[in-house]
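A short worksheet on the structure shown next.
The values are calculated or read from the model by the stated rules, or taken from the named source; none is laboratory data. What you are looking at is a predicted structure, and each value in this text was computed from that prediction instead of being measured. Positions of Cβ are generated from backbone atoms using ideal geometry, with glycine treated the same way; all protein chains shown enter the neighbour counts.
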Amino acid sequence: MLRLRFFDIFFAINLNLNFLYANTSLLGLSTTIDSFPAVFLDSLQIKVNKHWDISLSPISNVFLFNPIDGFLIQSGFKSTFNGKKPVIFSFQPRYAIQRQILYGEAEISSFIVNDEINSAQLFFSAGNFLTQVNQPFIKNEQIISIINVLDGVNPLLFIEKKFLKVQLKQTFHSKFILQVSSEFADRNYLENYTFQRWNFKRNEPLESFKLRDKALIHTFSLSYSPFLTINFKKGMPGFLDSESNFDYLELGISQSLHVKKFGRIDVNFISGKFLQQRFLHFNDFYHFPTGRTLKASHPVISTFRLLPYYEFSTNNYFHRIHIQTQTSDFLLSKWSFIKKSKVLENLFINLAITDRLQPFLEIGYALDNILKNFRLEIVSGRYDGKWLGPRIILGPTSL
């Protein structure tokens, strides 16, 4: 058993040494942005002719591991038919070796209007896939798989999701973006019975969850990039036995200020509340963007470092405040060799407030733009009268 454990550790590390690769999501192009830069080749681009491009990616996701599926083989395919109104088709298959299950998800999108100022794009997506409960703040699977094997724990909740989604994205004058979507999902909890014998914990990091539900959710989003975003979600009961019945409203404000002879100050404020919840499943709680690494599907500048994954998840209200100052004239950046390398210094504060728990505060210092792509930071947290950390984290550049 010990030999088997060491083999698993060695195998997972070798499969995941490519965690520095860019983890470009084929199916989330309209909704997610990976925080990590493309520091290595991560896709194969093929130009068939003037109007047709094909890409195979991400190479870094070919081999993965999680306690539910075990070892995985995964790939991605995207075909772009260029023209005045491009059509894009993408497909992401995944094969779970231990479970002997092949599943995947696909998306096709087409521009209805496409000019220099205004555009309208229609998306259709469907599939059956293993996904994380903490949508839309997806954690990088390569790094999580290393944690799974080395620590013998599963820090995330996984569900099997069968879904069908239709989305319209309308851009006005390059700044105003309107997005409307409807998604039906059949979501099922999966147990990791197979891997409990390898000392992995169950697929329940905090408590026992009933993660089985059917949901039809309509989403409305209006944003003035990059300053203001308004999101509204409504769970609609009845359709195909949908159970969800809730209203959720979220407001986000972002502002960057350039201070002469100092640098830049970035402020992010996000606040949300469930207005009514006749039936609200844990899958649709608000889950905070957090994690043990900075490589994720959301910006580093608005990510918590030490906040537990699901402990602050809420079905009532929340507030998030993120403040970061960036300068090239503070402490270490005054040194000539640091200044010549264009390394920037950061001081940042993250604050989380919910109705259930005491406020969570993080403060940190970081060196940004190391070798153009990396960020080294030290961060501490304060929660319930106790200090957490400090922790040293290597991640991607923040801006």
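Values computed for the structure shown
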item	result
Meets criteria (surrounded by 19 or more Cβ atoms within 10 Å (Cβ to Cβ), out of contact with any Cys (no Cβ under 8 Å at 6 or more places or on another chain), at pLDDT 80 or above and among the small types (G, A, S)) for S125	yes
Residue within the range 71-83 that is surrounded by 15 or more Cβ atoms within 10 Å (Cβ to Cβ), in a loop (DSSP other than H, G, I, E, B) and either of a type outside the set (A, V, I, L, M, F, W, C) or on the phi < 0 side of the Ramachandran plot (or both) present	yes
Extreme residue, surrounded by the most Cβ atoms within 10 Å (Cβ to Cβ), among residues of the range 200-221 that are in contact with an Asp or Glu (Cβ under 8 Å, 6 or more places away or on another chain) and at pLDDT below 75	N203
Filter result for G235 (more than 19 Å from the chain's Cα centre (by Cα), closer than 28 Å to R375 by Cβ and not basic (K, R))	no
Selection status of K165, modelled with pLDDT of 90 or more, closer than 24 Å to N140 by Cβ, among the charged types (D, E, K, R) and outside any loop (DSSP other than H, G, I, E, B)	yes
Search result, residues across the range 84-125 that are over 19 Å from the mean Cα position of the chain (by Cα), aliphatic (A, V, I, L, M) and assigned to a strand (DSSP E or B)	V87, I88, A96, I101, L102, I108, I112, V113, A120, L122
Hits in the range 90-124 - residues which are within 15 Å of Q179 (Cα to Cα), among the small types (G, A, S) and out of contact with any Ser or Thr (no Cβ under 7 Å at 6 or more places or on another chain)	S109, S110, A120
Count of residues meeting criterion [within 30 Å of Y189 (Cα to Cα) and either assigned to a strand (DSSP E or B) or modelled with pLDDT under 65 (or both)] in the range 40-61	4
Residue that is among the hydrophobic types (A, V, I, L, M, F, W, C) and more than 30 Å from Y189 (Cβ to Cβ), where the choices are L344, L357, L307, L280	L344
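Per-residue answers, yes or no, for (1) on the phi > 0 side of the Ramachandran plot; (2) part of a strand (DSSP E or B); (3) touching a residue at least 12 places away in the same chain (Cβ under 8 Å):
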{"position": "L257", "(1), (2), (3)": "no, yes, no"}
{"position": "D266", "(1), (2), (3)": "no, yes, yes"}
{"position": "Q276", "(1), (2), (3)": "no, yes, yes"}
{"position": "N283", "(1), (2), (3)": "no, no, yes"}
{"position": "Y309", "(1), (2), (3)": "no, no, yes"}
{"position": "I321", "(1), (2), (3)": "no, yes, yes"}
{"position": "N350", "(1), (2), (3)": "no, yes, yes"}
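Yes or no, residue by residue, for (1) of a type in the set (G, A, S); (2) under 30 Å from F232 (Cβ atoms); (3) at pLDDT 90 or above:
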| site | (1), (2), (3) |
| --- | --- |
| V300 | no, yes, no |
| S336 | yes, no, no |
| K340 | no, no, no |
| G389 | yes, no, no |
| G395 | yes, no, no |
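Table: residues versus (1) under 30 Å from F312 (Cα atoms); (2) in contact with a His (Cβ under 7 Å, 6 or more places away or on another chain); (3) surrounded by fewer than 16 Cβ atoms within 10 Å (Cβ to Cβ).
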position: P86; (1), (2), (3): no, no, yes
position: Y103; (1), (2), (3): no, no, no
position: F129; (1), (2), (3): yes, no, no
position: K139; (1), (2), (3): yes, no, no
position: I143; (1), (2), (3): yes, no, no
position: P155; (1), (2), (3): yes, no, no
